Each structure stands twice: as structure tokens, then as C-alpha cells.
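Asks: Provided herewith is a single structure, encoded as C-alpha cells, for subsequent inquiry.
The values are calculated or read from the model by the stated rules, or taken from the named source; none is laboratory data. As the structure is a computational prediction, the values presented were derived from the model and not from experiment. Cβ placement follows ideal geometry from the backbone for every residue including glycine, while neighbour counts extend to all protein chains displayed.
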Amino acid sequence: MYAIVEIAGQQFKVEKSKKVYVHRLHSEEGETVSFENVLLVDNDNDNDVKVGAPFVSGAKVEAKILKHLKDDKVIVFHKKRRKGYAVKKGHRQYLTQILIEDINL
């Protein structure tokens with residue numbers, strides 16, 4: 001069984017007991033959060049696919065926050081040739097690792 005869920009403005013394919021990295025959530029480590037913006041639910045046993053318009057009514061995904069961390073550094077380099085202009089910047093995105101505990105219909 002898997003679901004397509006919207007978390008922090010992005011869509012993720014989640015399955016039970018899988019770890020997912022999402023944009024930073026405003027909850028503490030160890031807390032349980034639930035996401036109700038479920039776009040699609042596929043039950044492998046019944047070949048039953050429920051597609052929401054825009055969300056599946058009554059569906060909910062429960063997850064546990066494992067830890068907050070930062071992603072790998074992304075280098076942003078701008079250069080204009082023959083002008084003597086070069087700027088090098090770096091960026092690290094704040095992420096949250098969550099563990100999908102349950103998908104409820």
C-alpha cells in the first residue's frame with residue numbers, strides 16, 4: 001500500500017515504515033504528525049486506487065519525526081566573461097527526516 005501525499009508544499013510517494021526527507025517541519029523530534037492532504041491511495045491487495053478531487057476524503061498519513069538536519073551543500077557560481085565578475089555562494093537546505101508509521105483510509 002502506498003499513497004501520494006502533499007507535505008510542506010511538495011508531493012511525496014510514501015509507504016509504511018519508509019523514511020522520507022521533507023522540508024523542515026515545525027515540530028520537535030520524536031513527535032507524531034499527521035498529514036491529511038492525501039492525493040492518491042493505492043491498495044495493492046485489492047487493485048483499488050482512490051484518487052482525490054483534490055484530496056481523498058477521510059485519508060490520513062501518520063508519521064514520526066526522527067531528526068532535523070541539513071542537506072549537502074549546493075554551490076551557486078555566477079560569472080560574466082570578460083567583465084571580471086565572479087561570485088561563489090553556497091547553500092544548505094534545512095530538512096526533516098520522517099518515518100511513515102501508518103496510512104489510514
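Asks: Every residue in the range 69-105 that is of a type in the set (S, T, N, Q) and either at pLDDT below 95 or outside any strand (DSSP E or B) (or both), please.
Replies: Restricting attention to the range 69-105, the residues satisfying the condition of being of a type in the set (S, T, N, Q) are 93, 96-97, 104.
Scanning the range 69-105 gives GLN93, ASN104.
Asks: While we're looking at this one, here's another question. Residue under question is SER17, and the condition is that it be in contact with a Leu (Cβ under 8 Å, 6 or more places away or on another chain) and either in a loop (DSSP other than H, G, I, E, B) or surrounded by 14 or more Cβ atoms within 10 Å (Cβ to Cβ) (or both); does it hold? Talk me through it step by step, then tell me what you get.
Replies: Values: in contact with a Leu (Cβ under 8 Å, 6 or more places away or on another chain): yes; either in a loop (DSSP other than H, G, I, E, B) or surrounded by 14 or more Cβ atoms within 10 Å (Cβ to Cβ) (or both): yes.
Spelling it out, SER17 is indeed in contact with a Leu (Cβ under 8 Å, 6 or more places away or on another chain) and either in a loop (DSSP other than H, G, I, E, B) or surrounded by 14 or more Cβ atoms within 10 Å (Cβ to Cβ) (or both).
Asks: Here is a follow-up. I'd like the full set of residues that are under 25 Å from TYR94 (Cα atoms) and surrounded by fewer than 12 Cβ atoms within 10 Å (Cβ to Cβ), limited to the range 20-59.
Replies: Correct list: HIS26, GLU28, GLU29, GLY30, GLU31, SER34.
Asks: Would you please list the contacts, defined by Cβ atoms under 7 Å and residues six or more apart or on different chains, that run from a residue in the range 59-87 that is more than 25 Å from LEU25 (Cβ to Cβ) and among the charged types (D, E, K, R) to a residue that is at pLDDT 95 or above and part of a strand (DSSP E or B)?
Replies: If the second residue must be at pLDDT 95 or above and part of a strand (DSSP E or B), the pairs left are LYS79/TYR85; LYS79/ALA86.
Asks: Applying the selection to the range 63-75, what residues are surrounded by 10 or more Cβ atoms within 10 Å (Cβ to Cβ) and among the hydrophobic types (A, V, I, L, M, F, W, C)?
Replies: Scanning the range 63-75 gives ALA63, ILE65, LEU66, LEU69, VAL74.
Asks: Which pairs turn up if I take residues in the range 36-51 that are part of a loop (DSSP other than H, G, I, E, B) and look for partners that are of a type in the set (A, V, I, L, M) with beta carbon separation below 7 Å, at least 6 apart in sequence or on another chain?
Replies: ASN37/VAL5; ASP44/MET1
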